[in-house]
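Below: one structure, written as C-alpha cells.
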Amino acid sequence: MADLSVNFAGIRSPNPFWVASGPPANTAYQAHRAFAAGWGGVVWKTIGDPIVNVSSRYSALNITGARMLGFNNIELISDRSVETNFREIAEVKKRWPNHAVIASLMVETRAQWHEFVRRATDAGADGVELNFGCPHGMCERGMGSAVGQQPAVTEKIVSWAREVATIPIIVKLTPNITDITSAARAARAGGADAISLINTLSSITQVDLDTLVPEPNVGGASSHGGYCGPAVKPIALNMVQACAADPTVGLPISGIGGIGTWRDAAEFLALGATSVQVCTAIMHHGFRIVEDMLEGLQAYLDSKGMTRVGDLTGRAVPTVRKWETLNLNYRRVARIDYDRCIGCNLCHIACEDGAHQCIDLVAPEGRGTGPGRLPGKPIPQVREADCVGCNLCSLVCPVEDCITMITQDPGVPEMSWTDYQEKLARGEMPPIPPHP
Amino acid sequence: MPTGPKLDAAAIATNMAEIHPPLSPAAAVVAAHRCLFCFDAPCIRACPTGIDIPSFIRKITTDNLAGAGRTILSANILGASCARVCPTAVLCEGACVLHSRGESPVEIGRLQRHATDYVFERQLQVLPSAATATGFRVAVLGGGPAGLGCAAELAQLGHGVTVFEKRPHAGGLNTHGIAYYKMKPDVSLAEVEMVAGLGVEFRRGVEVGRDIPMANLERDFAALFLGFGLGGGRRLGIPGENLPGVVEAVDWIEQLHTRPLDTVAVGESVAVIGGGNTALDAVNQARRLGARQVVVIYRRGVDDLPAYDFERQLALQGGAEFLFYTTPVAILADAAGAVSGIRLAATRALRTGDPELDRNTAQVMAVDMVIKAVGQEKPGAILRQLLPDLALNPDGTVRHDATTGQTNLPRVFTGGDCANGGREVVNAVAEGKRAARSIHALLTGKAVTGPVQSSRAGVTGNPWGAGFDQPIRVAPVARKHSSKEDAHGGPVR
C-alpha cells in the first residue's frame, strides 16, 4: 500500500488533501469535522484585520443541468476576531497534532505581518500561507491580488514575513496575472518556502436577465468576484505545470483549483504539486468527499507501482513541451466502431459544421449494426484520407469507446516545426503544401 | 346492483386523473437536458408528422417555451393532444438513441406537452400568419384529426377552408374517443379553436348529404378532403346483442366525453369483447367508473393482442382479467330483460392463425354489461351515396395514393381512419397535412416541402436529413394478422 503522507516544505501531513482557505476552513468546528472525515490539513480562512461581509455572496455557473461547475464569491477574509481565530487554531492543533494546520494571513504593514506571523507560530500553526491572491474587495484596499499582481511588492512582503518566521512560508498566488512564474519567482526571492496556486479568477458568472444585475445581487448591485470550481481546473493545471517546469521557481507547490476528486488531485500531482487544496467541492458536497479521494489515490498509486505520493509528483511535467518541438509527422485519424454507434450523428454535424468536413453520412449497409441503429438510416463514415486527427468527433461522441483515434504509421521520421524550419533553410525539403 | 353510475364525482375524478401528469418546469429542464440533440435524429423520422424534436427540446432547456411550441405546432397542429395520446413507446421515444446506451429514452411526449401547455395556457399565437390568400376554397369533410391537420395546413398556405362537422363539436375521436385518463376533451377543443384562429371556418352540426348536398360542395370548392373517420361499431352477430346493457365501445366512451362522468352507466361485472386498444381503453375506464370486475374476452392468445403491450399492462394494473382463446356465442338476459350473462366458447388456435370455435366448451359467465370493441365499420356505404364514382378498397376504405392522399377523383383527397382503416391520431394529422400540400400543389402548381434538417450531401450525393418528407417506422405497429377483422377479435361464425 502506497504511503499517502507528504512532507510539504517541512509541513508533515498524513495525506496530500488539504482544506483550502475559505468558508469550509472558517472555524475549529469545521476543522475538527474535516480531520475526522480524513482530510490531511486545513489552511485556515484568511486572518487579518476584522472586516464586514455583504449578503449575498456567491453565484454559480450551471451547465446543462450540472450545478456549480463554476463558482464565484465576493466574500472577504475571516469576519471573526483575530483572537478567536488564533485561539481555535491552537485548540485544533492540540487535538490533531499530526495533521497540518496552516494559518492564512493577509495584513498591510510590516509590523502587522510580523505580529501575525508570530501569533500564528505561537498558536502552533505548522506554517503560514500569505494570501496574495484574493481578487475582490481586499485588493481595493491594497491587499490580496493587488500584492500578487506586482512581483516587487510580493517579494517585499514575503521578506517581511521571512524576517520573523520560524515555520514554513507558503505564498498563495493569484492567477490574475500575465505570467504566473514571475510572481512565483518573486515569492522565492522574498524567501518563501513554497507556493500555492491558483487563487480565484476575477469573474462575473452571470447576469440576471430580468433585473439586468449580475449575481450575486447585493441590493441591486454586484461586484467582481473570485471564480473557482471545476471550470477553472484547466487554468490551474496550466499554471501549476508552468511553475513546476521552471527551474528558477524551484519551490514545492500546493495545487488548488477545481479539485473535487482523486483523479483531479492526481493530475495536479502529476503536473508538479506536492499537496492539493480543496474548497468548492467541499462547499458543494461536504467534507465526506475525501473518503473517495483517499481510496482512489491509494488505489491508483498502487496500480502504478508507486509507493508514495512523491512518486507521482511532477511525472507529467516534462511531457508538456513547446509546440515547436511536437512531431509534425505524427498522424492519427478517427475510427468509428459500428458495433457501438447508436446513430446520433453528432460526430457528423460537429465535423461538418465545426471542423474539417470529413465525416459523411452514408448508407448503412455493410457497416455493421450498432445497438438501436435504424434500418436504412444513414450513418457516419470517416474519410480517413481527409481526417486531420483533431479529436473533435471523439469528444462529442456520447458513447464510450465508439470513436477512437487510431495512430497511423506515417512511414517517415519525426520532424518538429523547428526541424522543419532547419530543413527548409538547408534546402533539404520543399515546403509542405497548404491544406486545401 | 343494476347497471348505472357507481361512484360519486369526486371518486371518479380521482380515478380518472391523468396517468401522465405534466412535468414541473424544473423536471422538464432536467428531462430536456438528457436529449443528445442528435443530428438527423431518429425520433424525427419516427414521428409521422416529422416534428423537429431535438430542436424543441433544446428550446425547453433555455426556457424558450414559445419557440418550442412553435417548432411542434408548425409540424403537427395537434401537437398538444399527440403529446398525450401518441403511443410514443413505438414512435419517437421508441427510436431514441438513449435506448442504445442502456438508458430510458428522453420523455419526448411529456416534454412536448410541457411546451404546448405553455402555449395553450397563455393562448399564444406562435404560428406565423397565413400566406397571401390564394383565392381557392377547399372543403374538409370531417373535423377530426385528419381534417384538422389538412385544414390547418391549407389555411397556413393561404387557402380558404371550410370544415363540415356533423357533431356539435369538432375534434373527432380526439374530442370524443380518447380514454379520459389520457386526455380530457378540453385539450382537443382548444386545438380546434387554434385551427379556427388560423382562419378556418367550421360548420358544426352540418352533415354533408343530409344538411347540404354533396353537389354543392363539388360546385363551390376547388378541392375536397374526406376525413370523416370510420362508421359505427361492428356487430357481433350473436343473440342478445341488442339488449340494453350491451354497448359499443366508441359510443360508450363518447358518453364519457359528453356527459358528467358520474351519470355514465357502468356494470358491476363487465365483459369487454375484443383485444384492441379501444377495448382496453374501455376496460380501464370501466374500472375507473367503479366496475367491480372487468373481463376481456379475446379469441386468440396474449401474444396476438393487437393492443399495445403498455395498454395491456395498464389494464392488468387496473385489475382487469383476460380470457384468451374465448369468444362470445350469446348474450343472456334476466326476466326483466337486462343483461345477466354471456355464453362463451373456447377457440382453438390453428396453425393458420385463424381461431376455430370449439362449440363443446360453451360456458356462461355472469355479467351485467357487455362492451363491444371488435372494430368499426368502414365508411364504404355512405361514400357510395355521396360520391358514387369514388374508388374504394375492398375493405370499404377510400382508395388513395399513399404519398399524396389523392383519390381516383382528381379534386378529392383523403386521409385519416376512412383512408387508412384506423390508425393513430398522429397518422391522421400527418395524412391530412400531406393531402393539404398535395391540394396546394394541384391548385397552385407549387410544391411544398417540409423543413428538413440541412446537411451537406454525403459522398453518395444524397441529401440526407430527417423530417416530414422522409418518414420511417421504428417498431412496426403492424397488424399481426393479414386482415383487420381478425386483429380486432371479432366473433367466429
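Here, each number is a calculation from the coordinates, and none is a lab measurement. The shown structure was predicted, so the numbers you read here are calculated from the model rather than taken from an experiment. A quick note on method: Cβ atoms are made from the backbone with ideal geometry, for glycine too, and the neighbour counts reach across all protein chains shown.
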Subject >> Summed side-chain charge close to B:Val272 - residues other than B:Val272 whose Cβ falls under 11 Å, Lys, Arg +1, Asp, Glu -1 >> reply: 0
**OP:** Report, in degrees rounded to the nearest 10, the 0 to 90 angle that the Cα long axis of helix B:185-197 makes with the longest principal axis of chain B.
**Re:** 30
**OP:** With only Lys, Arg, Asp and Glu charged, each at its Cβ (+1 for the first two, -1 for the last two), find how big the charge dipole of chain B is about the Cα centre; round to the nearest 20 debye.
**Re:** 660
**OP:** Divide by every residue of the protein assembly as shown the summed helix terms, -39500 (n - 2.57) for each DSSP H run of at least 4, and state the resulting mean residue ellipticity at 222 nm, rounded to the nearest 500 deg cm²/dmol.
**Re:** -9500 deg cm²/dmol
Original post:
Which whole-percent values make up P(r) of segment A:120-222 when all C-alpha to C-alpha distances are grouped in 5 Å steps starting at zero?
Top reply: 2, 13, 21, 18, 15, 10, 7, 7, 4, 2, 0
**OP:** Can you tell me the equivalent ellipsoid semi-axes for chain B? Use √(5λ) from the Cα gyration tensor, largest first, whole Å.
**Re:** 37, 27, 22
Original post:
Any idea what log10 I(q)/I(0) is at q = 0.20, 0.29 Å⁻¹ for segment A:134-179, Debye with uniform C-alpha scatterers and no solvent?
Top reply: -0.66, -1.07
Subject >> Cα-based Rg and Dmax for segment B:246-375, where Dmax is the largest Cα-Cα distance (Å) >> reply: 14.4, 47
Subject >> Size-normalised alpha-carbon gyration radius of segment A:323-425, reference 2.2 N^0.38 Å >> reply: 1.27
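Going down the table (B:Lys372/B:Lys433; A:Lys94/A:Lys304; B:Lys166/B:Lys446; A:Lys377/B:Lys446; A:Lys233/A:Lys322; B:Lys59/B:Lys184), which pairs top 25 Å between alpha carbons?
Table pairs above 25 Å Cα-Cα are B:Lys372/B:Lys433; A:Lys94/A:Lys304; B:Lys166/B:Lys446; A:Lys377/B:Lys446; B:Lys59/B:Lys184.
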Original post:
A:Val6's amide H: which non-local residues (gap 5+, or another chain) put their own amide H closer than 5 Å, with H modeled 1.01 Å from N in plane and none for Pro or chain starts?
Top reply: A:Ser13, A:Asn15
Subject >> Shape of segment A:6-319, Cα gyration tensor, a/c cut at 1.5 >> reply: rounded
**OP:** Express as a percent, rounded to the nearest 5, the fraction of DSSP beta bridges in segment B:246-375 (both residues included) that run antiparallel.
**Re:** 50
Subject >> Net charge of Cβ neighbours under 15 Å - reference A:Thr248; Lys, Arg +1; Asp, Glu -1 >> reply: -1
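Loop only by DSSP, 13 or fewer other Cβ within 10 Å of the Cβ. Give me the chymotrypsin sites (Phe, Trp or Tyr not before Pro) in segment B:127-229 that pass, ordered by residue number.
Answer in residue order: no site qualifies.
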Original post:
Each residue of segment B:323-336 in order: what ³J(HN,Hα) in whole Hz does its phi give by Karplus 6.51 cos²θ - 1.76 cosθ + 1.60, θ = phi - 60°, with x for Gly and Pro?
Top reply: 10, 8, 6, 9, 9, x, 10, 6, 10, 9, 10, 8, 4, 7
**OP:** Identify all aspartates and glutamates with a Cα-Cα distance to A:Lys423 below 19 Å; exclude those on the same chain that are fewer than 8 residues away in sequence.
**Re:** A:Glu324, A:Glu414
Subject >> Hits among aspartates and glutamates - C-alpha to C-alpha of A:Lys156 under 13 Å, sequence gap 8 or more where chains match >> reply: A:Glu108
Subject >> Using a Förster distance of 45 Å, the FRET efficiency for A:Asp353-A:Arg141 (Cβ separation, nearest 0.05) >> reply: 0.40
Original post:
If each of A:Ala299 and A:Glu91 carries a label point 7 Å out from its Cα toward its Cβ, how far apart are those two points in nm?
Top reply: 3.7
Subject >> Pair A:Glu108, A:Asp49: separation of 7 Å Cα→Cβ label points (nm) >> reply: 0.4
Subject >> Angle in degrees between helix B:145-156 and the longest Cα principal axis of chain B, rounded to the nearest 10 >> reply: 10
Original post:
About its Cα centre, what dipole magnitude does segment A:89-238 give when the only charges are +1 on Lys and Arg Cβ and -1 on Asp and Glu Cβ, stated in debye to the nearest 20?
Top reply: 520
Original post:
Hey, how many Å between the Cα centroid of segment B:1-72 and the Cα centroid of segment B:83-126?
Top reply: 5
**OP:** Per residue of segment B:277-286, in order, report the coupling 6.51 cos²θ - 1.76 cosθ + 1.60 (Karplus, θ = phi - 60°) as ³J(HN,Hα) in whole Hz, putting x for Gly and Pro.
**Re:** 5, 5, 4, 6, 4, 5, 4, 5, 6, 4
Original post:
With r defined as the distance between the Cβ atoms of A:Glu83 and B:Glu121 and R0 fixed at 56 Å, what FRET efficiency is calculated, to the nearest 0.05?
Top reply: 0.40
Subject >> Label-point separation, A:Thr407 to A:Ala189 (7 Å along Cα→Cβ), nm >> reply: 4.3
Original post:
With axes computed from alpha carbons, what is the tilt in degrees of helix B:108-121 against the longest principal axis of chain B, rounded to the nearest 10 within 0 to 90?
Top reply: 70
Subject >> Estimated translational D of the protein assembly as shown in µm²/s (Stokes, Kirkwood radius over Cα pairs; 20 °C; 1.002 mPa s) >> reply: 64
